[in-house]
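Since the structure comes first, as C-alpha cells, the remarks are kept for the end.
The values are calculated or read from the model by the stated rules, or taken from the named source; none is laboratory data. All of these numbers come straight from a predicted model, not from anything done at the bench. Please note: Cβ atoms are built from the backbone with ideal geometry, for glycine as well, and neighbour counts cover all protein chains shown.
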Amino acid sequence: MLDSARDFAGRVTFVTGPGKHSGKTAFLNRAAALVRRGDGSGLPLALLSAGYDGEIRDFLSGARKPAVPVIPGDVFVTAGRYLRSGGACPELLAELPGSTALGPCCVARATREGTAALVGPETNEGLGAALEAILDEGLARTAIVDGAVNRVTQAALRPEARLVYALRVDAGNLARSAELARRMAVLAALPVAGAEPDVGGPGSGAFHLAGALTAETAARLPREARDVVVDDFTKVFLDGAALSAFRRERGLFVSRAIAFAGFSVACRGVSDARFLDALGDEGVAGLVSFNPYRADPGVPGEAA
C-alpha cells in the first residue's frame, strides 16, 4: 500500500496528520520519488504546502526538518522571497492571488535539481485556487499536498482528491495515536446517503445537517432525526468517544465520499507490531503502511 507510482499518478493526494513532525513532509518526498520513477503517466508533478514546508529547520520551533527535493520539470508553489533558493533555478509560471504571512505566492517550475521551500496559501479557498491554477491549466497531472496540521477539510477541495493520514508514534502517544487512527477509519468508511434503498436518502426522513457536526450542533438535532447526513466526513468534528456515542443513537451518513488512501505510520521506540496491537482492529490495521520511505535511503526520512 502506498508504495508505487500508480498510487499517486494522475490524482491529487493530501497528506495531513495530528500535529507537527508527524511525517507529512517525509511522506510527500517518498510519494514524489515514486511518481518520478514510474512510467511517466504521473508527470509533470506538482508539490504544494498549506503553509510553509521544506526549510532546513522548522520556521517556529527550530527543529530540523527534511528538505523537499525537486528535479527539472517539477512544479511547485512558493513565496517570491524563496523563489531562487535551493539551486533549482525555477522559472515563474504564474502568480497566485492573495498573500501569506511570508508574502505573495507563485507557481514555479524547476529547471535543475535542487530543493524547494514550499509556501502555500493557508486557507482552503487559497489552496483550491492554487490547485486550479496548476491542474486546470495543464501545468501538472499529479499533485501532492503537504496539508495543514490536523485539518482534513482540504481533502474536499477537489473531487479527484484523496487523503493520507500520517502518524508518528512513540511510547508516550501510542494509545492516543491508535485512537486517532480508529476514529479516522470510521469517518472514512461512513456510508453515502442513498447508496442503499431507504437508508439516508431522499424520502427516508434523514436530517441533512448544513455545516459541521460538532458537540453543539449534535445537541441541537431534532430528537426524531434518527439518520443524520453531513456533506462529507471532513465536516465531522466529534472526538472518538463522542463519535461512537453519536452512532449508537443515530445513523450517520455523508452526501459524498472522499477517498481515503490509508495511514503512513512512523514508529519511534515502539515496534510496528505493538502499534497494531494497540489498534485492536484488523480492518484498520489493513489501512496502515509503516514508514514507506524507510526502505529508500535516497529520500529524506526524518518525520516532519
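Remarks
- The strands (runs of 3 or more DSSP E) found wholly in the stretch 73-192 and carrying at least 2 residues that are in the same structural domain as residue 270 (by TED's automatic domain parsing) and of a type in the set (Val, Ile, Thr) occupy 75-79, 142-146, 161-169.
- Residue 96 being more than 20 Å from the chain's Cα centre (by Cα), buried (at least 17 other Cβ atoms within 10 Å of the Cβ) and at pLDDT below 95: yes
- Top-ranked residue of the stretch 65-92 - restricted to ones that are crowded, with 17+ Cβ neighbours inside 10 Å and aliphatic (A, V, I, L, M), ranked as farthest from residue 51 (Cα to Cα): 88
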